[in-house]
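Below is one structure, written out as structure tokens; the observations come after it.
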Number of protein chains: 2
Amino acid sequence: MRIGGVLNLLGKLLIILSLMLLSPIPFSLYFQDGMTGTFLLCSLLGLFAGGLLLFIFLPDQDLGYKDGFAIVTSSWIGLALLGALPYLLSGAIPSFVDAFFESMSGFTTTGSTILSDIEILPKSLLFWRAMTHWLGGMGIIVLTLAILPLLGIGGMQLFQAEVPGPTKDRLAPRIQDTARILWSVYLLMTLMETGLLMAGGVDFFNAITHSFATLATGGFSNFNSSLGHYQSTYLQSVVILFMFLAGANFSLHFMALRGSISAYWKNEEFRFYGAIVLFATLAIVIANAVAGIYTDTGRNLRDVLFQVVSIMTTTGFGTADFDTWPPFCRVLLVALMFVGGCAGSTGGGIKVVRFLLFFKYARLQLHKLVHPRQVETIKLGKTKVPQDVMIAILSFFAIYLAVFLVASLIVTALGVDIITGPTAVIATLNNIGPGLHLVGPTQNFGHLPALAKLVLVFCMLAGRLELYTVAILFTPGYWRMTRKPMLRWNKKTKKSINE
Amino acid sequence: MRIGGVLNLLGKLLIILSLMLLSPIPFSLYFQDGMTGTFLLCSLLGLFAGGLLLFIFLPDQDLGYKDGFAIVTSSWIGLALLGALPYLLSGAIPSFVDAFFESMSGFTTTGSTILSDIEILPKSLLFWRAMTHWLGGMGIIVLTLAILPLLGIGGMQLFQAEVPGPTKDRLAPRIQDTARILWSVYLLMTLMETGLLMAGGVDFFNAITHSFATLATGGFSNFNSSLGHYQSTYLQSVVILFMFLAGANFSLHFMALRGSISAYWKNEEFRFYGAIVLFATLAIVIANAVAGIYTDTGRNLRDVLFQVVSIMTTTGFGTADFDTWPPFCRVLLVALMFVGGCAGSTGGGIKVVRFLLFFKYARLQLHKLVHPRQVETIKLGKTKVPQDVMIAILSFFAIYLAVFLVASLIVTALGVDIITGPTAVIATLNNIGPGLHLVGPTQNFGHLPALAKLVLVFCMLAGRLELYTVAILFTPGYWRMTRKPMLRWNKKTKKSINE
């Protein structure tokens, strides 16, 4: 690995994040919460660390395929470390492990928290907390739609090809151009949600922070009662809409904004995603009505739709305590936790498209038993799914299962109980936020042993980076690998990236 | 489908079972439990039903590939219906659904029971209960090693090829010969266990019935406290040994009995199976010791080994209440529930070989990311696994997941709670026996709604018949399928079966 080049790039990212660390300062000054100095100090420390890396390590024009994996994983860890500083230095979260947990939960758009009382935090720190979500969401969109396809991770090359884009039936074929387009969409949608929330009476501070958490499908709220704080049907509807959009492929939004609204309907994953939300909502509404949980059908529909979309997109906002709903509803909600958002969204989980292909293959197998000599292929939309991509997707389930099992065993071995431990792993591995029992929606992760928190931090990271990106670093072969120049970061050779 | 030929074959099977219905009579006479008349009546009713089918429907020499699926599923349902008669007619289980549940639980070697007090049953009825296990186990061995490979179900063709057999490196290449060989092994092992248990002081009746339940990995015991009734290390060791053997491929036992003891070690699935048992046992013993659950290491080892082997082989016998063990131990035991026995054993679950290949493929995917241009294949032992077989195995997980989810949703929709419902589905789909909470080891399935019991009966059947066999009957294509003569049951063309 060209470690110098990787660290030089990390230095650049740290400097960008250091500049972002100045963004809470206007809020600090406005609310007079005394955090201005802390953020200035954090920013300076970040500039110093980033500058040191840039000073020691020269930029490397020949970063290759192999380095891509190290860049992605080390970036997330480096940014989470720097992002933890404001929690630590302000004294709001005095333990390093806790601050790192909260920061990683932000950057991976997970939304699990170790804080028991959120509302006592300084406003500017709450802004920073939401900002980590928003930046993490930005990173994820570019990662899944522009970088992972180049690395050939877990069938991700497929998801890009499926979405026809602006230039030559593809999204702009260069990482930086793709990033710029997607970020504009992301920024525009954030501003739209902020405006709509403010139109409903929410102040600017709470409107923008909750928009950050929504678009990133993160789930950090400024209120202990999460989105239950806003008992207005209008406001909850706005959040439902944007959670749903954030769980869809951002390429589709780009096309829609350019006028091709039909792009949504033409996309098979999006149709399946919508159908699941619709079916789950109707089934739970009926079950709740039969069980007499709600007498008001409108309220039933609103609460159920919110919970279904929040869980399925792995946002993790809450407006109702679904632990009081009938067992059938809870089984369905737990199943949705695993599905997650669409590929190319900010949502976590296994992803809708993987489940779609998983079941398409099962159906094909039954079909093959009936017609053994017929050669059939799986299609996603109009695209044929090559067998090796299919196998990469199926193997994803195996790695997922292995990580889930090992993490659950370690966490329970540390003394965590049998409901809390495995659901904490599910909540972090799928980047949802809250688990059940002692890490349930009304609880937090603060009381877990430090080592368990680090295991969960690993789960957030592995889940967020589509498992393969992190898992490959654990194979001996990776470290013996000879470099294959596939990714080129300098401008002259930019065009060669997609060849 | 040639429905006449299928029903004619079912008639033959019913007549065989009717003769087996006479087997409890000696016990009835010896224990004077007044069941002689009931079993005679059941046998006569079975002979009449079977005879009627034989009289109406002519044998069909041209039963084909398509008919194989219908034969397998209808046989298990038909035999379970006839096998339920003694429970019903004796009045021991007055409800039809309950009697059918108990009988299907026997024939699928599941071991779930609706009885709250087992010890009040007449001895001869207990013998019949154990007999349904034993016959079910016989059926399963032949099904998985001789019939399913011909139907090409879920990669099962692979498991036969993996085990070199007596003639031309294959097990005798005809269904009837294969059946005869495997049944001899099965019978011999049953007699061995019966002898060893009697040598430890168990009376003949309890020795043979528990041997039936062990070799079938069924789990029906004559005691409310299950195998905890025998607190002798010798007796429990005998049962552990035979549970372990029953969870291994019976072709291996055949080879071992002919002198090739090394066959076990040469078989990769068996090595993995042994390694899992060893690892799980050691980990749980240590965790129990650390938590201070056991002070006596010998007792700790014995109880843990028993529980690990009983759960992993899906037998479901119990000697200790593992609900008091640390969370880590319970997570590991629940994970073992899904693994199940080896292919070609009487054990249920997903099967060791499927997990082995699942993780081999995941490893291959990581390897491919490091060496994208290298063409690699998966091997099981020395056999290359073709890609279509591999995909069939991976798709098995998808069908498994779908059945689990739908069944859990139906059962919880009927009002069963969130722990009992899904674990009842797991316990029946994996053919284990007891679940958790209200269907836990010290509870039974009797209190569930009748419709939930029928769903669980379906789970037992689907799980036992490797899902595909049952699932295919739900595809519209199956019923439109043109016959392909692949299976021929008449003697003249017997040789063509394996070509």
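Key figures for this structure:
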{"quantity": "Segment A:350-379, subset out of contact with any helix residue (DSSP H, G or I) (no Cβ under 6 Å at 6 or more places or on another chain) and away from chain B (no Cβ under 14 Å), residue nearest to residue A:281 (Cα to Cα)", "calculated": "A:351"}
{"quantity": "Which numbered condition residue A:309 fails, given (1) out of contact with any Phe, Trp or Tyr (no Cβ under 7 Å at 6 or more places or on another chain); (2) at pLDDT 95 or above", "calculated": "(1)"}
{"quantity": "Segment B:58-76, residues that are within 14 Å of another protein chain (Cβ to nearest Cβ) and among the small types (Gly, Ala, Ser)", "calculated": "B:64, B:68, B:70"}
{"quantity": "Residues (modelled with pLDDT of 90 or more and within 14 Å of chain B (Cβ to nearest Cβ)) located in segment A:438-494", "calculated": "A:448, A:449, A:451, A:452, A:455, A:462, A:465"}
{"quantity": "Search result, residues across segment A:288-332 that are among the hydroxyl-bearing types (Ser, Thr, Tyr) and under 18 Å from residue A:229 (Cβ atoms)", "calculated": "A:310, A:315, A:319"}
{"quantity": "Residue check, residue A:344 under 16 Å from residue A:429 (Cα atoms) and away from chain B (no Cβ under 14 Å)", "calculated": "no"}
{"quantity": "Candidate set from segment B:185-224 (those that are of a type in the set (S, T, N, Q) and touching a residue at least 24 places away in the same chain (Cβ under 8 Å)); member that is surrounded by the fewest Cβ atoms within 10 Å (Cβ to Cβ)", "calculated": "B:224"}
{"quantity": "Test: residue B:290 is more than 18 Å from the chain's Cα centre (by Cα) and surrounded by fewer than 19 Cβ atoms within 10 Å (Cβ to Cβ)", "calculated": "yes"}
{"quantity": "Single residue of A:259, A:195 found to be of a type in the set (Gly, Ala, Ser) and assigned to a loop (DSSP other than H, G, I, E, B)", "calculated": "A:259"}
{"quantity": "From B:368, B:379, residue being over 21 Å from residue A:403 (Cα atoms) and either among the acidic types (Asp, Glu) or surrounded by fewer than 24 Cβ atoms within 10 Å (Cβ to Cβ) (or both)", "calculated": "B:379"}
{"quantity": "Of residues in segment A:353-379 being at pLDDT 80 or above and β-branched (Val, Ile, Thr), the one nearest to the chain's Cα centre (by Cα)", "calculated": "A:353"}
{"quantity": "Any chance residue B:79 is under 25 Å from the mean Cα position of the chain (by Cα) and of a type outside the set (Lys, Arg)", "calculated": "yes"}
{"quantity": "Only one of A:98, A:60, A:67 that is outside any helix (DSSP H, G or I) and touching a residue at least 24 places away in the same chain (Cβ under 8 Å)", "calculated": "A:60"}
{"quantity": "Single match in B:52, B:88, B:14 (criterion: over 21 Å from residue B:465 (Cα atoms) and either touching a residue at least 24 places away in the same chain (Cβ under 8 Å) or crowded, with 22+ Cβ neighbours inside 10 Å (or both))", "calculated": "B:52"}
{"quantity": "Matching residues in segment A:320-338 - criterion: being buried (at least 24 other Cβ atoms within 10 Å of the Cβ) and either in a loop (DSSP other than H, G, I, E, B) or in contact with a Phe, Trp or Tyr (Cβ under 8 Å, 6 or more places away or on another chain) (or both)", "calculated": "A:329"}
{"quantity": "Among (1) surrounded by fewer than 24 Cβ atoms within 10 Å (Cβ to Cβ); (2) among the aromatic types (Phe, Trp, Tyr); (3) in contact with a helix residue (DSSP H, G or I) (Cβ under 8 Å, 6 or more places away or on another chain), the one test that residue A:234 misses", "calculated": "(3)"}
{"quantity": "Near pairs, Cβ below 9 angstrom, 6+ apart or cross-chain, from segment A:405-421 (facing chain B (nearest Cβ under 7 Å)) to any residue that is hydroxyl-bearing (Ser, Thr, Tyr) and buried (at least 21 other Cβ atoms within 10 Å of the Cβ)", "calculated": "A:412/A:420; A:418/A:412; A:421/A:408; A:421/A:412"}
{"quantity": "Count of residues meeting criterion [touching a residue at least 24 places away in the same chain (Cβ under 8 Å) and either assigned to a helix (DSSP H, G or I) or among the acidic types (Asp, Glu) (or both)] in segment B:422-464", "calculated": "22"}
{"quantity": "Test: residue in segment B:91-106 that is in contact with a Leu (Cβ under 6 Å, 6 or more places away or on another chain) and either polar (S, T, N, Q) or under 19 Å from residue B:132 (Cα atoms) (or both)", "calculated": "yes"}
{"quantity": "Count - residues of segment A:339-366 that are among the polar types (S, T, N, Q), in a helix (DSSP H, G or I) and in contact (Cβ under 8 Å) with a residue 40 or more places away in the chain", "calculated": "0"}
{"quantity": "Flag if residue B:102 is charged (D, E, K, R) and modelled with pLDDT under 95", "calculated": "no"}
{"quantity": "Boolean, residue A:270 is in contact (Cβ under 8 Å) with a residue 24 or more places away in the chain and either assigned to a helix (DSSP H, G or I) or closer than 26 Å to residue A:435 by Cα (or both)", "calculated": "yes"}
{"quantity": "Some residue of segment A:247-262 being crowded, with 18+ Cβ neighbours inside 10 Å and either within 17 Å of residue A:303 (Cβ to Cβ) or free of Cβ contacts under 8 Å to residues at least 60 places away in the same chain (or both)", "calculated": "no"}
{"quantity": "Tally, over segment B:293-319, of residues that are outside any helix (DSSP H, G or I) and touching a helix residue (DSSP H, G or I) at 6+ places or on another chain (Cβ under 8 Å)", "calculated": "9"}
{"quantity": "Which listed residue, of A:393, A:399, is touching a residue at least 60 places away in the same chain (Cβ under 8 Å), within 23 Å of the chain's Cα centre (by Cα) and at the interface with chain B (Cβ under 7 Å from one of its Cβ atoms)", "calculated": "A:399"}
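The values are calculated or read from the model by the stated rules, or taken from the named source; none is laboratory data. These numbers were taken from a predicted model, which means no experiment stands behind them. So basically every Cβ, Gly included, is an ideal-geometry build from the backbone, and we count neighbours across all protein chains shown.
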